[in-house]
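Take a look at the structure below.
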Amino acid sequence: MEQLIIRGGKPLKGEVTISGSKNAALPIITASLLAPGVHQITNVPELRDVATMGRLIGHMGGLTGYREGIMTLDTGRLRTPEAPYEMVKTMRASVLVLGPLVARFGKARVSLPGGCAIGGRPIDQHIKGLEKMGAKITLESGYVIARARQLKGTKIYFDMATVTGTENIMMAATLAKGTTILENSAREPEVKDLADCLISMGAKIKGAGESVVEITGVDSLIPIANYSVIPDRIETGTFMAIAGATGGDIVIKNCRINHLDAVVMKLKDAGLRFDETKKGLRVIGPKRPQAGSITTLPYPGFPTDMQAQFMALMTIAGGTSIIHESIFENRFMHVAELRRMGADISIDGGTAAVKGVERLTGAPVMATDLRASASLIVAALCAKGESTIQRIYHLDRGYERIDDKLRKLGADVKRVME
């Protein structure tokens with residue numbers, strides 16, 4: 001397996017271009033299942049999860065191609081409306097094929113995704129929503145079997161604001177008979193991006209990005225034509241944290257700062273400066289960040305996907321920070337690795353107290369999930385000496401060539417085989 005060797009301790013300066021959003025690209029790719037024909041999606045990041053989704057559609061009989069951020073899919077001759085366990089187990093977003101397949105083919109066989117390193121992420125809201133729309137759901141040998149001659153519009157209330165649940169039911173509702181009202185919907189920018197793509201295909205959707213979404217079903221949709229995926233807000237936030245941790249001066253290009261209001265507010269409180277320039281968003285880190293406290297919440301609150309990176313920044317801040325994780329019950333696995341680098345962190349249930357130290361020290365550490373791996377990069381870049389980050393296949397699931405981008409900013413980063 002590959003690993004990163006990082007020698008930290010110097011400010012990063014220069015320009016970085018943010019890639020397309022992984023969490024927006026994946027549901028948009030599955031939206032291609034709703035309409036037979038050739039689809040083209042642009043600003044698609046070259047990531048392991050994107051490749052996995054392409055293979056899944058290929059398993060169903062589709063044809064896929066990717067080159068320089070452009071993904072082409074031909075879903076005209078799909079023959080196998082299923083998602084096997086071998087693929088779903090490597091990427092939970094595979095469950096997003098469930099709604100589109102039932103809507104288009106009247107049936108689907110999708111493996112249950114199982115557990116997750118950062119906590120349970122059940123799909124009960126997906127299943128309840130489809131059942132309310134008239135689908136008959138059975139569980140057989142670890143698979144969800146869904147059947148419906150014609151999905152019907154109805155009112156659905158999500159017990160929790162689920163991103164993939166909202167996306168799955170929204171896609172299914174585009175081809176349902178009648179109008180579907182989704183209440184307590186997820187409001188993340190990625191949900192709205194999917195809705196905008198569906199509207200470009202001919203779907204009738206109102207209120208996407210709000211808590212109540214209205215979808216009026218249509219008879220058919222047209223293929224996606226050159227739809228551009230939004231920039232990745234979590235990658236943007238990660239580079240903001242890197243600027244803050246290293247005392248850097250980074251211009252972030254192709255980003256949407258309005259998708260990160262809560263993050264920017266907390267980083268400003270920590271001492272980071274933000275200036276919008278013609279080239280992009282300029283982020284200037286302080287000599288030493290100041291402590292700050294956060295609670296992770298669904299959008300527009302502070303995102304759980306930025307909690308680990310923020311914690312890494314707070315390990316060297318002046319004062320004590322309190323970080324409360326309210327979304328996932330097991331998302332502090334990076335704490336043990338940060339402690340190896342000299343961080344002073346104590347945990348009590350879902351709350352971490354981070355007492356800032358003057359400087360971290362390089363050490364061998366191991367990534368446990370996607371965002372944990374990003375936090376270790378933030379820490380390694382500001383630490384004194386050399387750090388080795390193992391299991392970076394987690395990193396490659398959500399960050400496109402991040403080591404190349406860091407080197408262009410002046411970081412001492414090497415990717416090597418163990």
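Odds and ends about this structure:
- Any hit, region 94-103, residues being in contact (Cβ under 8 Å) with a residue 12 or more places away in the chain and in a loop (DSSP other than H, G, I, E, B): no
- Checking each residue of region 230-250 against the condition of being out of contact with any strand residue (DSSP E or B) (no Cβ under 7 Å at 6 or more places or on another chain) and among the hydroxyl-bearing types (S, T, Y) gives at least one match.
- Region 393-412, residues that are under 14 Å from I242 (Cα atoms) and of a type in the set (A, V, I, L, M): I402, L406, L409, A411
- Taking every residue in region 334-356 that is touching a residue at least 12 places away in the same chain (Cβ under 8 Å) and of a type in the set (D, E) and pairing it with any residue that is surrounded by fewer than 18 Cβ atoms within 10 Å (Cβ to Cβ) and outside any helix (DSSP H, G or I), at least 6 positions away or on another chain, the pairs with Cβ-Cβ distances below 6 Å are D344/K355; D344/V357.
- For region 174-193, the set of residues classified as buried (at least 23 other Cβ atoms within 10 Å of the Cβ) and part of a strand (DSSP E or B) consists of T180, L182, listed by residue number.
- L130 vs. criteria closer than 28 Å to V50 by Cβ, touching a residue at least 60 places away in the same chain (Cβ under 8 Å) and touching a helix residue (DSSP H, G or I) at 6+ places or on another chain (Cβ under 8 Å): no
- Matching residues, region 261-280, being touching a residue at least 40 places away in the same chain (Cβ under 8 Å) and over 18 Å from G319 (Cα atoms): A262, V263, K279, G280
- Residue within region 385-405 that is of a type in the set (D, E, K, R), touching a strand residue (DSSP E or B) at 6+ places or on another chain (Cβ under 7 Å) and free of Cβ contacts under 8 Å to residues at least 60 places away in the same chain present: no
- As for region 111-121, it holds at least one residue that is exposed (fewer than 14 other Cβ atoms within 10 Å of the Cβ) and among the aliphatic types (A, V, I, L, M).
- Residue in region 152-168 that is of a type in the set (G, A, S), under 21 Å from the mean Cα position of the chain (by Cα) and assigned by TED's automatic domain parsing to the domain that holds S293 present: no
- Some residue of region 324-331 being closer than 19 Å to G8 by Cβ and hydroxyl-bearing (S, T, Y): no
- Scanning region 194-222 for residues that are surrounded by 20 or more Cβ atoms within 10 Å (Cβ to Cβ) and in a loop (DSSP other than H, G, I, E, B) gives M201, A203, A208, G217, L221.
- All conditions in (1) touching a helix residue (DSSP H, G or I) at 6+ places or on another chain (Cβ under 7 Å); (2) assigned to a helix (DSSP H, G or I); (3) surrounded by 22 or more Cβ atoms within 10 Å (Cβ to Cβ) hold for C255, with the sole exception of (2).
- Among residues of region 56-70 that are farther than 20 Å from P45 by Cα, those with a Cβ under 7 angstrom from a residue that is part of a helix (DSSP H, G or I), sequence gap 6+ or separate chain, pair up as H59/M87.
- The residue of region 147-166 that is farthest from S185 (Cα to Cα), among those that are β-branched (V, I, T) and surrounded by fewer than 22 Cβ atoms within 10 Å (Cβ to Cβ), is T154.
- Residue in region 89-103 that is under 23 Å from I145 (Cβ atoms) and out of contact with any helix residue (DSSP H, G or I) (no Cβ under 7 Å at 6 or more places or on another chain) present: yes
The values are calculated or read from the model by the stated rules, or taken from the named source; none is laboratory data. Worth saying up front: this structure is predicted, and the values here are computed from it rather than measured. Cβ coordinates were reconstructed from backbone atoms using ideal geometry, including for glycine residues, and neighbour counts include every protein chain displayed.
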